[in-house]
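Data block below; observations after.
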Amino acid sequence: MRVRIQICLIILFVTFLCVNTAIASSDEDTNWNESANYTLYWGDSIEVDGFLIKANDFSKARPFDIDTDYVMLTINSDESKEWTALLSVNNSQIPNTKIFGERLNITAFEIITGNDIPAPYTKIEVSTLNVTEEEMDSWINNTISVTKTKYKDTYIDERVFIAIQINNLRNLEFQSVLINETLPENILIDPDINVDQTINISPYSKNTIQYSVKALRPGNYTIPPTEIEITDNGIKYYQYTNSTELVVYGPYINATKTVTVDGNNPQIYDITIKVKNEGNRAAYLEIKDEMLPNSVLMEGKTATEMVIFPDKVKTLEYSIRIEDIKVNPIVPSAEVYFSDSKGYSDTLKTKRFYLFEEGEEVPDPIEEMPEDDLETEVSENITESDGEDIEYPSFGRIRSVKDIIDNTMRIINEALEYK
């Protein structure tokens, strides 16, 4: 009998040693940040890494301190979780240390109460769990699964639907999960849906967020991964969906209008309307232009129809003559209508602009002269039939009716003086 008792005692002792060794090993394996000491008077609070620690109450004050004094702490996390704990230094019934939310460790090493002090206080040691990036990635990957899919490629005037699937793989509930979406340039989201939103995720639940987008121009787009932000026990975890490739079909028409003056004749202006298809589908074009005021068409035409293929350029060119320019005129817009084989169509206009740039002088008006006057040329030196050299005045270039009158009067006066 005595042998059995000894054997049992030995087994219990060995078991106790194993348990203590396991506990010690567990504590040593846990990676805690360096601890910090704080003094909290009754009602005081401190914030440590997203946890608000408050000395809510103390044991009843007596004329002197006793070993069974305790402090009541309340702890609130930044994700609205709350804990309450009693800590005592030398009390076999109440522990002096406790871990909250698996990442906050509080140890009380001094508790002072009594009638001889203004207010009770405690001194505590606080440390938080040091979570590595690898541990965070491993935890989030084993907790949340996310994917992003599109239903189909689309046309420029159509919407395409995109779905974000969030699966909770654990029996954990997450509050205020943030969904952060990023879209590339020229992609517009449905204005009736707010993709960047906050949701709650129930344990083992499947959550789908769906929205539609529309492209401003055709092309190939990459929709970046969606960011899912989850906060658990004060630690922020991030999970990302896959990226999604989107192809948008259709023509994309740009048009410009330019005016240049003819180098040989300042009254002649060359008009060029250039149309480019920057899309990936062909389009039928109708180009109509409005001429400048007081202008006459000299060459070409102001309207045409044609088909333009992707990455091609078509031009409409014509020339005009402006006989009288009194002010700086505005060059009217050219109108371009296009449609494709699917029925997608639109109309655009080129920009209006002043014919002459700022600071450039408007040329003087030019009036047409009768053919007889234009053919009249007077030489500086003309020899008469009698052999006598007679010097006639040079009349210069005739530019207007006033010039004709002035030159005529000058000729009459000089002839009178000559006789």
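The values are calculated or read from the model by the stated rules, or taken from the named source; none is laboratory data. Predicted, not measured: the structure shown is a model, and the values here were computed from it. Cβ sites come from the backbone with ideal geometry, for glycine too, and all protein chains shown count toward neighbours. These accessible areas exclude ligands, DNA and RNA; they are computed on the full protein's heavy atoms, side chains included. Shrake-Rupley method; radii C 1.70, N 1.55, O 1.52, S 1.80 Å.
Taking the stretch 179-206, which residues are assigned to a loop (DSSP other than H, G, I, E, B) and touching a Phe, Trp or Tyr at 6+ places or on another chain (Cβ under 7 Å)? Once the filter is applied, which keeps residues that are assigned to a loop (DSSP other than H, G, I, E, B) and touching a Phe, Trp or Tyr at 6+ places or on another chain (Cβ under 7 Å), the stretch 179-206 yields 184, 190, 193, 195.
For the stretch 121-148, a residue qualifies if it is at pLDDT 90 or above, over 30 Å from residue 210 (Cα atoms) and open to solvent by 20 Å² or more (accessible area, probe 1.4 Å), and the qualifying residues are 121, 123, 125. Against the condition modelled with pLDDT of 90 or more, of a type outside the set (S, T, N, Q) and either under 30 Å from residue 252 (Cα atoms) or exposed (fewer than 13 other Cβ atoms within 10 Å of the Cβ) (or both), how does residue 178 come out, does it pass? Criteria not met by residue 178. Give the stretch 290-336 a look and list any residue that's within 19 Å of residue 277 (Cβ to Cβ), part of a loop (DSSP other than H, G, I, E, B) and either in contact with a Ser or Thr (Cβ under 7 Å, 6 or more places away or on another chain) or in contact (Cβ under 8 Å) with a residue 40 or more places away in the chain (or both), or say none. 310, 334, listed by residue number. From the list 203, 225, 218, 184, the lone residue that is open to solvent by 20 Å² or more (accessible area, probe 1.4 Å), of a type outside the set (S, T, N, Q) and under 27 Å from residue 345 (Cα atoms) is 184.
A single entry from 123, 98 fulfils the requirement of being free of Cβ contacts under 8 Å to residues at least 24 places away in the same chain and in contact with a strand residue (DSSP E or B) (Cβ under 9 Å, 6 or more places away or on another chain): 98. Total residues in the stretch 228-264 satisfying the condition of being free of Cβ contacts under 8 Å to residues at least 40 places away in the same chain and not in a strand (DSSP E or B): the figure is 2. Is it fair to say residue 237 is aromatic (Phe, Trp, Tyr) and in contact with a helix residue (DSSP H, G or I) (Cβ under 6 Å, 6 or more places away or on another chain)? Considered against the rule, which asks whether it is aromatic (Phe, Trp, Tyr) and in contact with a helix residue (DSSP H, G or I) (Cβ under 6 Å, 6 or more places away or on another chain), residue 237 comes out as yes. All of 98, 152 fail the test of being open to solvent by 70 Å² or more (accessible area, probe 1.4 Å) and within 43 Å of the chain's Cα centre (by Cα), apart from 152. Quick check on the stretch 210-219. Is at least one of its residues modelled with pLDDT of 90 or more and basic (Lys, Arg)? Checked against the condition, which is being modelled with pLDDT of 90 or more and basic (Lys, Arg), the stretch 210-219 yields at least one hit.
Set side by side, the residues 275, 213 differ, and just one is open to solvent by less than 20 Å² (accessible area, probe 1.4 Å) and under 28 Å from the mean Cα position of the chain (by Cα), which is 213. Restricting attention to the stretch 330-350, the residues being open to solvent by 50 Å² or more (accessible area, probe 1.4 Å) and aliphatic (A, V, I, L, M) number 1.
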